[in-house]
1. Given (1) modelled with pLDDT under 95; (2) within 15 Å of the ligand (Cβ to nearest atom), where does G61 come up short, assuming only one miss?
2. Name, by its number, the condition in (1) among the hydroxyl-bearing types (S, T, Y); (2) away from the ligand (no atom under 16 Å from the Cβ); (3) surrounded by 23 or more Cβ atoms within 10 Å (Cβ to Cβ) that does not hold for T272.
3. If you check G75 against the conditions, is it more than 16 Å from the ligand (Cβ to nearest atom), among the small types (G, A, S) and more than 20 Å from the chain's Cα centre (by Cα)?
4. Residues of region 393-430 being among the polar types (S, T, N, Q) and either modelled with pLDDT under 95 or within 16 Å of the ligand (Cβ to nearest atom) (or both), which ones?
5. Sort out for me the helices (runs of 4 or more DSSP H) sitting completely within region 318-434 that have 2 or more residues that are touching a Lys or Arg at 6+ places or on another chain (Cβ under 9 Å).
6. If you go through region 148-157 one residue at a time, do you hit one that is assigned to a helix (DSSP H, G or I) and without any contact (Cβ under 8 Å) to a residue 24 or more places away in the chain?
7. In region 173-232, what residues are at pLDDT below 85 and either aliphatic (A, V, I, L, M) or touching a Pro at 6+ places or on another chain (Cβ under 6 Å) (or both)?
Amino acid sequence: MKKINIIGGGLAGTEAALQFSKNNWKVNLYEMRPKKMTDAHNTGNLAEIVCSNSFKSKLMGTSSGVLKAEMNLLGCELLKIAEETAVPAGNALAVDRDKFSQKVTDIISKDNNITVINEEINEIGNDLTILASGPLTSPALTEYISKLLGKEQLYFFDAIAPIVAADSLNYDIVFRKSRYDKGEADYLNCPFSKEEYYRFVEALNSGEKHEAKEFETKLFKEISFNFYENCTPIEELARRGKDTLRYGVMRPVGLIDPRIGKRAFAVLQLRTENKEKSYYNLVGCQTMLKYGEQKEIFRLIPGMENAEFYRYGSIHRNTYLNSPEIINPNMSFKNKDNLFVAGQIAGVEGYTESIFSGLLTAKIIIDDLPMLPETTISGQLWRHLISPSKNFQPMNSNFGLLPEIKMEKKNKRLKKELLGKRAVESLSEFLKNL
Ligand SMILES: Cc1cc2nc3c(=O)[nH]c(=O)nc-3n(C[C@H](O)[C@H](O)[C@H](O)COP(=O)(O)OP(=O)(O)OC[C@H]3O[C@@H](n4cnc5c(N)ncnc54)[C@H](O)[C@@H]3O)c2cc1C
């Protein structure tokens, strides 16, 4: 019988373990809790979810719904348990957190192919192993990984700016240009008048923020006296002075606004996130503002009145690898090919995505799964982890990952439904032909 070690009995690790067991592999599943706890987990149960109890929407017009449909096609086990322990939450799949993690723990402890070992792992030998130790990987294991890879390949928190759909921008206002017309015009620019700029700064100053958890505040303080300068939340920059942004990240130099034929008072630049240029990152807008506030405040940016957000900004504690640099397409480490990676530490973001990542790595090892179609969210999340990137950041499921569907008339809802339908059909077809 084939054997594998899995480090971390969280969402990715337990999904992977169940996949191996189903295929008659023997699994040693190492989970350090309850002997050693993380700063966010409260129990010794496997697959404990640490914050919200929602796996997000089930609707096919949402990226999260499509990802779940794809995961079901791929034979996901944890989603079945989530359905069995679901609580009413409209169109979302939300669970009773205790019942969910208890059920996963019970199923795994009764599984003859899986042995749970409650020990902290702090080094990894030459046996086939999956690293699924999550965003709160223990310090000793983090130390081992940074020695294995070099410190610069490991990040300790996300400072993520929101991303918006390209087709939701107002191109009567937004213009494409590089500073001083040098090089390729890769950026979109949102030009502010004086009034618009100060209104935006004012809104940033009064926006409600997420409270950082106590352990996060400690971490941020350790990293620098506050935040790394290039990760400073935009609202914190705005607080430092009403002109800080327009002399910094929103400086308008070298950018002539074609509408007025001169330099705007301030400019927010948008950088594309994919080669199809279907979605854009708001440069310098990493933020701790609450999601609802982000929508309202960032829509004050000229040209973004109706912006559709594929992802909101956030800054939180998160240990993750610079995967595109150090991981092979089959999710094994380039410099240690018996070691594979799964879950949030690989560079996905969110509960459902972490489960997906555990499922993916397991299926790659078990079935030698070939690359999934680029019309699927699962395929694009996989590509995200292994495609070269200057500024690699964890990614959640979103429609911006998918190649565009051209439509004669703009109809966002229909477009999402068509993207979802195409994704599921192409994955079904792909799996049929394997
Ligand atoms: C504070 C916080 C809140 C979050 N809230 C949300 C949310 O509301 N919604 C959402 O979608 N996502 C959220 N996330 C992001 C993410 O989806 C979850 O963290 C998710 O649980 C990640 O799954 P995982 O399997 O990669 O890691 P985990 O589920 O954390 O599993 C990793 C496991 O590895 C164990 N472990 C760590 N080090 C070792 C070691 N050395 N030896 C043995 N075991 C070890 C840990 O105890 C843990 O059980 C949050 C993350 C954090 C940190």
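1. For G61, the exception is condition (2).
2. That leaves (3) as the condition not met.
3. Values: more than 16 Å from the ligand (Cβ to nearest atom): yes; among the small types (G, A, S): yes; more than 20 Å from the chain's Cα centre (by Cα): yes.
So G75 passes the test.
4. The initial filter retains those residues of region 393-430 that are among the polar types (S, T, N, Q), namely 393, 396-398, 411, 426, 428.
Result: Q393, N396, S397, N398, N411.
5. Details: elements: 323-326, 351-367, 377-386, 412-432.
In region 318-434, the matching helices (runs of 4 or more DSSP H) lie at 323-326, 351-367.
6. Step one: of region 148-157, the residues assigned to a helix (DSSP H, G or I) are 148-149, 151-153.
This time we only want the ones that are without any contact (Cβ under 8 Å) to a residue 24 or more places away in the chain, so: 151.
Yes, that holds for at least one residue.
7. Correct list: A185, A212, L219, I223.
Yes or no, residue by residue, for (1) at pLDDT 95 or above; (2) surrounded by fewer than 20 Cβ atoms within 10 Å (Cβ to Cβ):
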site: T137; (1), (2): yes, no
site: A140; (1), (2): yes, yes
site: I145; (1), (2): yes, no
site: L149; (1), (2): no, yes
site: Q153; (1), (2): no, yes
site: F156; (1), (2): no, yes
site: A161; (1), (2): no, no
site: D167; (1), (2): no, yes
site: N170; (1), (2): yes, yes
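The values are calculated or read from the model by the stated rules, or taken from the named source; none is laboratory data. Not measured: the values here are computed from a predicted model. Glycine gets a Cβ as well: all are built from the backbone with ideal geometry, and neighbour counts include every protein chain shown.
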